[in-house]
Amino acid sequence: MQQRIARFNRILKIREDSRRNEQAILAAERSEERAVISHITKLENEKTQAIQDFGTAGEKMISAADLWFQRQFIDAINTDITKGKDSLNEVRNRIVNTEARLVEKHKDVRVMETYIEHLKEIDFQEQLDIEQNELDDVATMQFSRKGAY
């Protein structure tokens with residue numbers, strides 16, 4: 001029984017390692033998500049500033065080419081924001097998938113822990129039964145010796 005428990009403990013350790021790896025992957029993906037959100041926020045602030053600059057351009061004497069370049073700059077920022085949002089969606093989808101895998105790995109670990117605890121309880125009960133049988137044998141021998149006198 002002890003060998004069986006040891007074998008399942010090794011399996012449990014492997015499953016726990018797998019769960020820790022998934023947790024590390026999830027942490028990295030969440031960090032990536034925060035970085036993408038930060039980048040999108042920076043781009044949106046930059047876009048707001050560019051729009052304000054474009055709006056005040058009418059008050060200054062600037063050429064049509066400068067207006068065109070400012071407008072192209074705003075369009076480029078919009079494109080970057082769109083790409084950033086697409087990237088954010090991809091990261092969030094990966095996070096959802098990783099969370100699902102992590103839940104399954106956690107369930108596997110809990111099942112294995114429960115099974116090992118069950119095996120340990122069985123082993124403990126078997127040890128108690130063996131000990132009780134030995135005590136019964138000793139008591140029987142003592143009783144038989146006293147009865148012989």
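The values are calculated or read from the model by the stated rules, or taken from the named source; none is laboratory data. Quick caveat: nothing in here was measured; it's all calculated off a predicted structure. Every residue, glycine as well, gets a Cβ built from its backbone with ideal geometry; the counts of neighbours run over all protein chains shown. For the accessible areas, the whole protein counts, side chains as well, though only heavy atoms, and no ligand, DNA or RNA atoms are used. Shrake-Rupley method; radii C 1.70, N 1.55, O 1.52, S 1.80 Å.
At pLDDT 95 or above, in a helix (DSSP H, G or I) and over 30 Å from TYR115 (Cα atoms) - does that describe any residue in region 18-29? There is at least one residue in region 18-29 that is at pLDDT 95 or above, in a helix (DSSP H, G or I) and over 30 Å from TYR115 (Cα atoms). Among the candidates THR98, THR140, the residue that is at pLDDT 95 or above and in a helix (DSSP H, G or I) is uniquely THR98.
Are any of the residues in region 58-71 in a helix (DSSP H, G or I), in contact with a helix residue (DSSP H, G or I) (Cβ under 6 Å, 6 or more places away or on another chain) and either at pLDDT 90 or above or of a type in the set (Asp, Glu) (or both)? Within region 58-71, not a single residue is in a helix (DSSP H, G or I), in contact with a helix residue (DSSP H, G or I) (Cβ under 6 Å, 6 or more places away or on another chain) and either at pLDDT 90 or above or of a type in the set (Asp, Glu) (or both).
Conditions (1) touching a Gly at 6+ places or on another chain (Cβ under 7 Å); (2) in contact (Cβ under 8 Å) with a residue 12 or more places away in the chain; (3) among the small types (Gly, Ala, Ser), marked per residue:
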| residue | (1), (2), (3) |
| --- | --- |
| ARG15 | no, yes, no |
| VAL36 | yes, yes, no |
| THR48 | no, no, no |
| ILE51 | no, yes, no |
| PHE54 | no, yes, no |
| ASP75 | no, no, no |
| ASP86 | no, no, no |
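With respect to the conditions (1) farther than 30 Å from GLN125 by Cβ; (2) open to solvent by 50 Å² or more (accessible area, probe 1.4 Å); (3) β-branched (Val, Ile, Thr), VAL111 falls short on a single one, namely (1).
Would you mind telling me which numbered condition in (1) open to solvent by 90 Å² or more (accessible area, probe 1.4 Å); (2) in contact (Cβ under 8 Å) with a residue 12 or more places away in the chain; (3) under 30 Å from LYS107 (Cα atoms) ILE11 fails? So the condition that ILE11 fails would be (1).
When residues in region 106-122 are screened for being without any contact (Cβ under 8 Å) to a residue 60 or more places away in the chain and among the basic types (Lys, Arg), 2 of them pass. Pairing residues of region 123-140 that are at positive phi with residues that are open to solvent by less than 90 Å² (accessible area, probe 1.4 Å) and small (Gly, Ala, Ser), at Cβ distances under 9 Å and at least 6 apart in sequence or on separate chains, gives no pairs at all. Can you spot a residue in region 48-55 that is under 30 Å from ILE130 (Cβ atoms), touching a Phe, Trp or Tyr at 6+ places or on another chain (Cβ under 7 Å) and either in a helix (DSSP H, G or I) or among the aromatic types (Phe, Trp, Tyr) (or both)? For region 48-55, residues under 30 Å from ILE130 (Cβ atoms), touching a Phe, Trp or Tyr at 6+ places or on another chain (Cβ under 7 Å) and either in a helix (DSSP H, G or I) or among the aromatic types (Phe, Trp, Tyr) (or both): absent.
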